[in-house]
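See below for the structure under consideration.
The values are calculated or read from the model by the stated rules, or taken from the named source; none is laboratory data. Keep in mind it's a predicted model, so treat the numbers as computed, not measured. Virtual Cβ from ideal backbone geometry, glycine too; neighbours counted across all protein chains shown.
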Amino acid sequence: MTTRRFDRAVVTGGAGFVGAHLCALLLSEGLEVTAVDNLATACPATLEDLRRHDRFRFVRHDVTEPIPLDDPADVVFHLASAASPRDYLALPIETLRAGSHGTEQALELARRDGARFVLASTSEVYGDPLEHPQHERYWGNVNPIGPRSVYDEAKRYAEALTSAYRREHGVDTAIARIFNTYGPGMRVNDGRMIPAFFTQALAGEPLTVTGTGEQTRSICYVEDTVGGLVALARSGYPGPVNLGNPDELTVRQVAERIKAIVRSDSAVEYVDAVVDDPQRRCPDISLAREVLGWEPKIDADDGLRRTAAWFRQFRRAE
């Protein structure tokens, strides 16, 4: 297993939820870190702790344009994209451009600097899967013209472009397929399952579960996810490689666990199913274990308790 050393990292989408945690991990490992973000879907407060580091720099910039950095990077992590359905449905063209033009600009930066390039792709490339659990060999079952396609196809294109740069230009690339990630720092109005359930449970409101609630997800604590991204960067492996927790839970089970953790007596309320919502989602992480020596360390109950503490603190600070 190859272990590389980096001194300078660029993180596009560095003000986002996963991006900010990645920046914090890289800073803790002694790197100089530049975060690039246009703040279209990020909370500026996310950067407050990061700005205290003298090795951190923030550049407000739209990654669909050439990235204006002079100092060479050793590794480029490309995370810039709307990630929650609420955001990418509100910003469909911008999401497609982040996956296409944005990925090209980030790849060009890595090509210029001879840097390792890590694409943060997504389990959404598998669509509503017909194979379970999902292995990297699976090509997916995606509706290319549905409302979710702006995100799914942006990431699938980004994977294709990353692979082409590796073949055509010899760029040292890697592709990570990230499954549902959660933890402290998620935006309260993000619209995704876990922040919605915590916000509702703490407010004593019904927890709104879409469809039957029997659709499954694998939820991976953010510290584990960013640890996987760094492990992939330090390896020589091109990917794609799944990064997620293989413990499968139904959406209803997640709602019930959150209710129990915050000791809420809120009801669970079922609402209309989401168009093209995947019915089963669970990663096969045997490849990550083999080539990266990586697997999640934090189970769902522990991770949800940590996340609950953050949401309680956020509510008190409002």
Quiz item: Hey, does the range 246-253 have a residue that's farther than 19 Å from GLU159 by Cβ, in contact (Cβ under 8 Å) with a residue 24 or more places away in the chain, surrounded by fewer than 23 Cβ atoms within 10 Å (Cβ to Cβ) and polar (S, T, N, Q)?
Solution: yes
Quiz prompt | From the options ARG166, ARG137, ARG156, ARG177, residue that is of a type in the set (Lys, Arg) and assigned to a strand (DSSP E or B) | solution = ARG177
Quiz item: What are the residues in the range 63-75 that are out of contact with any Lys or Arg (no Cβ under 6 Å at 6 or more places or on another chain) and either hydrophobic (A, V, I, L, M, F, W, C) or touching a residue at least 40 places away in the same chain (Cβ under 8 Å) (or both), if any?
Solution: VAL63, GLU65, PRO66, ILE67, LEU69, ASP71, PRO72
Self-check item: Output for the range 182-199, where each listed residue is of a type in the set (A, V, I, L, M, F, W, C) and touching a residue at least 24 places away in the same chain (Cβ under 8 Å)
Solution: MET186, VAL188, MET193, ILE194, PHE197, PHE198
Exercise. State which residue is modelled with the lowest pLDDT when the search covers only the range 185-212 and only residues that are in contact with a strand residue (DSSP E or B) (Cβ under 9 Å, 6 or more places away or on another chain) and within 14 Å of ASP87 (Cβ to Cβ).
Key: ARG192
Exercise. Sort through GLU159, GLU256, GLU168, GLU223 and tell me the only one that's modelled with pLDDT of 90 or more, under 28 Å from ARG116 (Cβ atoms), over 22 Å from the mean Cα position of the chain (by Cα) and not basic (Lys, Arg).
Key: GLU168
Exercise. List every residue pair whose Cβ atoms lie under 6 Å apart, where the two residues are 6 or more positions apart in sequence or sit on different chains, the first residue falls within the range 143-155 and is without any contact (Cβ under 8 Å) to a residue 24 or more places away in the chain, and the second residue, located anywhere, is in a helix (DSSP H, G or I) and not basic (Lys, Arg).
Key: PRO144/GLU153
Quiz item: In the range 45-58, is there at least one residue being at pLDDT 95 or above and charged (D, E, K, R)?
Solution: yes
Quiz item: Would you pick out the residues in the range 103-126 that are among the small types (Gly, Ala, Ser), more than 16 Å from the chain's Cα centre (by Cα) and crowded, with 17+ Cβ neighbours inside 10 Å?
Solution: ALA106, ALA110, ALA115
